[in-house]
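The block underneath contains the structure these notes are about, expressed in C-alpha cells.
The values are calculated or read from the model by the stated rules, or taken from the named source; none is laboratory data. A quick note: this is a predicted structure, and the numbers were derived from the prediction, not measured. Cβ coordinates were reconstructed from backbone atoms using ideal geometry, including for glycine residues, and neighbour counts include every protein chain displayed.
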Amino acid sequence: MHPMLNIAVRAARKAGNVIAKNYETPDAVEASQKGSNDFVTNVDREAERQIIEVIRKSYPKHTIISEESGELAGEEADIQWVIDPLDGTTNFIKRLPHFSVSIAVRIKGRTEVAVVYDPMRNELFSAVRGQGAQLNGYRLRGGTARDLDGTIIATGFPFKMKQHSPAFIAIVAKLFTQCADFRRTGSAALDLAYVAAGRVDGYFEIGLKPWDFAAGELLVREAGGLVTDFTGNHNYLTTGNLVAGNPRVVKSLLAAMRDELSEALKR
C-alpha cells in the first residue's frame, strides 16, 4: 500500500468514528452558520482535528488545506493534503445518514492519493494514481452507458451561489429530456465516488471547492472516467464547475449543457 494512502485511510477512519459516534447523540451537536446556507458543527472541527493529528504525526512538514482551517502551510509546500472532514454537514445536522470524509494528497499539483469514507455504511473508496480505484479493497470500474438514454445523473443545487439558479434549472430541464432520472444527495465527494462505482452514470455541479472534489476526481479517473469543467477543459480547479462520468457520458452531458450555459459558467 502507498504509505500516504495508509495514513489517509487511518485519518479518514478516525474522523469517521468521531462523526458516527456524534450521529447517535444529536443533542451534543452544536451547529453554526458560516455563510449563506452554509453550516459547520463542532463535529466537523473535531473530525478535522483528528485528521490533522494523524497526518502531522507521520508527515509534520507537509502542507494541509482544509475546509474549516484553510491552509496550514508546512515546509514542504509541494505536498498538500486537501481535506474535507465532513462533506454533507447539512445531512449530518438533519440526521440524514449520507455524508463522508474526503482526503486527497496532491504532489506538485497532481492528485496522487484519494480516500472518501462513508462512516455510516463503512464504505471506504480509495485510489492511487495509476493503480486504479477500490471500494473496501475491491476494484472499481465506472458505468458503461453509451449516451444519456437510461442514465441516472447526480447533481447538487448551487445553494451557496443562487445567482446561477436560472442556468442550473435550464440545464436540468434539458438533461431531464435525455436521461432517466436525477439524484441529489448532498455530498459531492460521495457523488463522485458513486460515479467511480457505477452507482450513478454521471455528475455535474456548479461552484465546488477543492476539498469537495479533490479525492473524488481521482476516484473517477482511476475507475476509467473523465472529469472536466463545463466546456470540456480542465479549468475546474479554478471554477469548481465539474462534469464527471465515463467518456461517452461526459461528452453527452457537455453537448446537452452547452446551449444552456450562462457566460459566467463558460469560463
Answer yes or no: is there a residue in segment 86-106 that is among the hydroxyl-bearing types (S, T, Y) and modelled with pLDDT of 95 or more. yes
Report every pair of residues separated by at least 6 positions or lying on different chains whose Cβ atoms are under 6 Å apart, first residue within segment 166-191 and outside the structural domain of L135 (by TED's automatic domain parsing) and surrounded by fewer than 21 Cβ atoms within 10 Å (Cβ to Cβ), second modelled with pLDDT of 95 or more and aromatic (F, W, Y). none
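Please work out which residue is nearest to E71 (Cα to Cα), limiting yourself to segment 179-211 and to residues that are charged (D, E, K, R) and in a loop (DSSP other than H, G, I, E, B). I'd like the intermediate steps shown before the answer.
Step one: list which residues in segment 179-211 are charged (D, E, K, R), which gives 181, 183-184, 191, 199, 201, 205, 209.
Filter again for in a loop (DSSP other than H, G, I, E, B), leaving 184, 199, 201, 209.
Numbers: R184: 29, R199: 33, D201: 33, K209: 13 Å.
The qualifying residue nearest to E71 (Cα to Cα) is K209.
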Just name the residue that is surrounded by the fewest Cβ atoms within 10 Å (Cβ to Cβ) out of those in segment 98-124 that are touching a helix residue (DSSP H, G or I) at 6+ places or on another chain (Cβ under 7 Å) and small (G, A, S). A104
Which ones in segment 116-139 are over 27 Å from N22 (Cβ atoms) and not in a loop (DSSP other than H, G, I, E, B)? A127, V128, A133, Q134, Y138, R139
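Considering only strands (runs of 3 or more DSSP E) fully contained in segment 1-73, which possess at least 1 residues that are crowded, with 20+ Cβ neighbours inside 10 Å?
Numbers: elements: 31-35, 38-41, 62-66, 70-72.
Result: 38-41, 62-66.
Is it true that some residue in segment 209-228 is more than 23 Å from Q131 (Cα to Cα) and either buried (at least 19 other Cβ atoms within 10 Å of the Cβ) or at pLDDT 95 or above (or both)? Before you say what the answer is, go through the steps one by one.
Let us first name the residues in segment 209-228 that are more than 23 Å from Q131 (Cα to Cα), namely 209.
Right, trim to either buried (at least 19 other Cβ atoms within 10 Å of the Cβ) or at pLDDT 95 or above (or both) and you get none.
No, segment 209-228 contains no residue that is more than 23 Å from Q131 (Cα to Cα) and either buried (at least 19 other Cβ atoms within 10 Å of the Cβ) or at pLDDT 95 or above (or both).
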Lone unmet requirement of (1) over 22 Å from I55 (Cα atoms); (2) part of a strand (DSSP E or B); (3) of a type in the set (A, V, I, L, M) for V113: (1)
What pairs can you find where one residue is in segment 48-66 and touching a residue at least 24 places away in the same chain (Cβ under 8 Å), the other is acidic (D, E) and crowded, with 20+ Cβ neighbours inside 10 Å, and their Cβ atoms are less than 6 Å apart, with a gap of 6+ or different chains? S66/E48
Can you tell me which of (1) in contact with a Phe, Trp or Tyr (Cβ under 9 Å, 6 or more places away or on another chain); (2) farther than 14 Å from I153 by Cβ is the one A244 doesn't meet? (2)
Only residues that are within 13 Å of I171 (Cα to Cα) and either of a type in the set (V, I, T) or in contact (Cβ under 8 Å) with a residue 60 or more places away in the chain (or both): list them for segment 228-265, please. V243, S252, L253, A256, M257, D259, E260, L261, S262, L265
Can you work out which of the residues in segment 233-247 that are farther than 18 Å from P210 by Cα and over 16 Å from the mean Cα position of the chain (by Cα) is surrounded by the fewest Cβ atoms within 10 Å (Cβ to Cβ)? P247
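G202: modelled with pLDDT of 95 or more, of a type in the set (G, A, S) and farther than 18 Å from G143 by Cβ, yes or no? Outline the logic, then answer.
Working: modelled with pLDDT of 95 or more: yes; of a type in the set (G, A, S): yes; farther than 18 Å from G143 by Cβ: no.
Judged against the criteria, G202 is not a match.
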Restricting the search to segment 148-186, which residues are of a type in the set (G, A, S) and in contact with a helix residue (DSSP H, G or I) (Cβ under 7 Å, 6 or more places away or on another chain)? A154, G156, A167, A170, G186
